[in-house]
């Protein structure tokens, strides 16, 4: 029975610590995101090297390219525009009387809007720029960043932790103080 009591104590301890670390990681990621966005705005840089106190690089933290993407948000508005301006790109089925824009044309329009970075296309023959109703161009994904470890980065961090070089008391202070809080 003593084994199960020991396992229970270890599991409860690890769970409390894991929750505290997870909470602290969320706080740090939010702060890092804000700092990376400021760095990009101020300098154009999109990454920073994470290093141990002795300067050994262990990871790269970076913002991804968040190129905008075009989307059709209002299918009806887009369909009406296509009927008026590109009637050869319309498909009509008599089963259910459905009118749609040909998928290949939708793909072409989306690609042109992606390239323009705006919900518009340019007719190369006439030079007319069309603002596409029902379309938008917006960030591809929510703001985030990635942490890419160097080949032996995690091992180096583990060794620095075991050797007492990381000052985890500073890294985890907020999490340790709240580890006893009820969730």
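Any residue at all in the range 24-32 that is in the same structural domain as residue 163 (by TED's automatic domain parsing), surrounded by 13 or more Cβ atoms within 10 Å (Cβ to Cβ), within 24 Å of residue 167 (Cβ to Cβ) and more than 24 Å from the chain's Cα centre (by Cα)?
no
Residues checked against (1) surrounded by 11 or more Cβ atoms within 10 Å (Cβ to Cβ); (2) touching a residue at least 24 places away in the same chain (Cβ under 8 Å); (3) within 30 Å of residue 74 (Cβ to Cβ); (4) outside the structural domain of residue 53 (by TED's automatic domain parsing):
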position: 108; (1), (2), (3), (4): yes, no, yes, yes
position: 117; (1), (2), (3), (4): yes, yes, yes, yes
position: 121; (1), (2), (3), (4): yes, no, yes, yes
position: 124; (1), (2), (3), (4): no, no, yes, yes
position: 129; (1), (2), (3), (4): yes, no, yes, yes
position: 133; (1), (2), (3), (4): yes, yes, yes, yes
position: 151; (1), (2), (3), (4): no, no, no, no
position: 154; (1), (2), (3), (4): yes, yes, no, no
position: 157; (1), (2), (3), (4): yes, yes, no, no
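Tell me the residue from 39, 25, 7 that is without any contact (Cβ under 8 Å) to a residue 60 or more places away in the chain, touching a strand residue (DSSP E or B) at 6+ places or on another chain (Cβ under 8 Å) and at negative phi, please.
Details: 25 fails: touching a strand residue (DSSP E or B) at 6+ places or on another chain (Cβ under 8 Å); 7 fails: touching a strand residue (DSSP E or B) at 6+ places or on another chain (Cβ under 8 Å).
Being without any contact (Cβ under 8 Å) to a residue 60 or more places away in the chain, touching a strand residue (DSSP E or B) at 6+ places or on another chain (Cβ under 8 Å) and at negative phi holds for just one of 39, 25, 7, which is 39.
For every residue, the table says whether it meets (1) closer than 20 Å to residue 144 by Cα; (2) part of a loop (DSSP other than H, G, I, E, B); (3) under 18 Å from the mean Cα position of the chain (by Cα).
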position	(1), (2), (3)
65	yes, yes, yes
69	yes, no, yes
79	no, no, no
82	no, no, no
92	no, no, no
95	no, yes, no
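Residues that are surrounded by 12 or more Cβ atoms within 10 Å (Cβ to Cβ), more than 30 Å from residue 50 (Cα to Cα) and in contact (Cβ under 8 Å) with a residue 24 or more places away in the chain: does the range 82-92 have at least one? Talk me through it step by step, then tell me what you get.
Within the range 82-92, the first condition is being surrounded by 12 or more Cβ atoms within 10 Å (Cβ to Cβ), and the residues that meet it are 82-83, 85-86, 89-90.
Those still in the list that are more than 30 Å from residue 50 (Cα to Cα) too: 82-83, 85-86, 89-90.
Next, only the ones that are in contact (Cβ under 8 Å) with a residue 24 or more places away in the chain stay: 85.
Yes, the range 82-92 contains at least one residue that is surrounded by 12 or more Cβ atoms within 10 Å (Cβ to Cβ), more than 30 Å from residue 50 (Cα to Cα) and in contact (Cβ under 8 Å) with a residue 24 or more places away in the chain.
The values are calculated or read from the model by the stated rules, or taken from the named source; none is laboratory data. Here the structure is a predicted model, which is why all the values come from computation and not from measurement. Here the Cβ is made from the backbone with ideal geometry for all residues, glycine too, and neighbour counts use every protein chain on show.
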